[in-house]
1. Across segment 156-207, what is the number of residues that are away from the ligand (no atom under 16 Å from the Cβ), part of a helix (DSSP H, G or I), within 21 Å of the chain's Cα centre (by Cα) and touching a residue at least 40 places away in the same chain (Cβ under 8 Å)?
2. Scan segment 122-133 residue by residue and report those that are surrounded by 13 or more Cβ atoms within 10 Å (Cβ to Cβ) and not hydroxyl-bearing (Ser, Thr, Tyr).
3. When you scan segment 292-308, do you find a residue that is out of contact with any His (no Cβ under 7 Å at 6 or more places or on another chain), within 14 Å of the ligand (Cβ to nearest atom) and open to solvent by 60 Å² or more (accessible area, probe 1.4 Å), even just one?
4. Collect the residues in segment 309-322 that are open to solvent by 30 Å² or more (accessible area, probe 1.4 Å), within 14 Å of the ligand (Cβ to nearest atom) and hydroxyl-bearing (Ser, Thr, Tyr), keeping them in residue-number order.
5. Does segment 323-354 hold any residues that are open to solvent by less than 60 Å² (accessible area, probe 1.4 Å) and assigned to a helix (DSSP H, G or I), and which are they?
6. Restricting attention to segment 275-291, and to residues there that are open to solvent by 30 Å² or more (accessible area, probe 1.4 Å) and under 19 Å from the mean Cα position of the chain (by Cα), which single residue is nearest to the ligand (Cβ to nearest atom)?
7. Pairs under 8 Å by beta carbon, first residue on the phi > 0 side of the Ramachandran plot in segment 296-313, partner part of a loop (DSSP other than H, G, I, E, B) and exposed (fewer than 14 other Cβ atoms within 10 Å of the Cβ), six or more apart or different chains?
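The values are calculated or read from the model by the stated rules, or taken from the named source; none is laboratory data. Model, not experiment: these values are computed from the prediction. Don't worry about glycine lacking a Cβ; one is built from the backbone with ideal geometry, like all the others, and counts go over all protein chains shown. Quick note on the areas: whole protein, heavy atoms, side chains included, nothing else; ligands and nucleic acids left out. Shrake-Rupley method; radii C 1.70, N 1.55, O 1.52, S 1.80 Å.
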Amino acid sequence: MHERQSVKSVDPNEGSATIATSGESVVEALKVKEWEVGMFHNEVAATQGIRIRRRPPTGPPNHYVGPFQFRLQNEGNTPRNILEEIVWNKDNEVAQLKERKPLITISKALGNAPPVRDFIGALRAANERTGLPGLIAEVKKASPSRGILRENFDPVEIAQSYEKGGAACLSVLTDEKYFKGSFENLELIRNAGVKCPLLCKEFIIDAWQLYYARSKGADAVLLIAAVLPDLDIKYMVKICKLLGLTALVEVHDEMEFDRVLGIEGVELIGINNRNLETFELDISTTKKLLEGERGKIIRERNIIMVGESGLFTPEDIAYVQEAGVKAVLVGESIVKQSDPGKGISNLFGKDISV
Ligand SMILES: O=C(O)c1ccccc1NCC(=O)[C@H](O)[C@H](O)COP(=O)(O)O
């Protein structure tokens, strides 16, 4: 398919054209192979109801005109929604980071990582202490749906304020492009003496990221069922256990929830009230998913459920607690307050500090 010695490619995003030499035809062939593997991945994922495709837009050339190769913008190489765009971007980011820091280097760094803290234990203890859902307070400067949430953003100050205000655990955004977060923030918070266990809030698509997160001091990671096929989740949950990391597996609908309930070893499940493809927020998602048989399974297996997103008032907290969650993950409503710790008291309707 790619035997031409010299082809010219046009990237619609860059608006530029290049003439490829014979050496580059090998690179091009590799890209095509990679694209074929990606297509296979997407076919498997689609059978599990996963709509997020996993390949960055490096599809095969659409057509040749003489020596020119055109890659036109089309349905196959244009992200359908923000989550897909984030995942495609992450694919490129991770590929570059992996080249700079291969697994062997990260594995060596694991020995110097701070000891792992018990994420689930902290949530249970907070729930028992207060009678309210344990709080995972989010350190987040911005998000695609809300833009900049806090101009004056000092991650350590916010983390310390959350801890003082009674948070059980913290969630630290590490994605730079869409959330203005960083792994540096995670390390700064860990090294500042904050005792709360830390969730690395990242878009995990590759097991390498689990090792990287742990090497940077994470105690827990997020696995999003809308992005990861069952086999990836299974494999990643096992690696998390080996590394001592807690996996918070996130679902948004019944199908994702049922898939995750079918995976052995899952102990912490989050229900995201935000549809990450449309940004629509509806806290009744938590209630709907925990009704009936699914709620029964959760109780029998002693799985901790986390209500995520769109929680602003004591009534919201009471509503998701009534639905069956023992923990909540909250960002916007507390990070926007001038004193985020006090924001926690407002959110719960009472002082929950230790
Ligand atoms: O919030 C977004 O815009 C967003 C877009 C794409 C992927 C993920 C996104 N958010 C992650 C979250 O779900 C929230 O950060 C988290 O649950 C806290 O939500 P909130 O309390 O509403 O800030």
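1. 2
2. Once the filter is applied, which keeps residues that are surrounded by 13 or more Cβ atoms within 10 Å (Cβ to Cβ) and not hydroxyl-bearing (Ser, Thr, Tyr), segment 122-133 yields Ala122, Leu123, Arg124, Ala125, Ala126, Asn127, Arg129, Leu132, Pro133.
3. No, segment 292-308 contains no residue that is out of contact with any His (no Cβ under 7 Å at 6 or more places or on another chain), within 14 Å of the ligand (Cβ to nearest atom) and open to solvent by 60 Å² or more (accessible area, probe 1.4 Å).
4. Thr313 - this is the single residue of segment 309-322 that is open to solvent by 30 Å² or more (accessible area, probe 1.4 Å), within 14 Å of the ligand (Cβ to nearest atom) and hydroxyl-bearing (Ser, Thr, Tyr).
5. Ala323, Glu332, Ser333, Ile334, Val335, Pro340, Gly341, Gly343, Ile344, Ser345, Leu347, Phe348
6. Leu276
7. Gly310/Asp282
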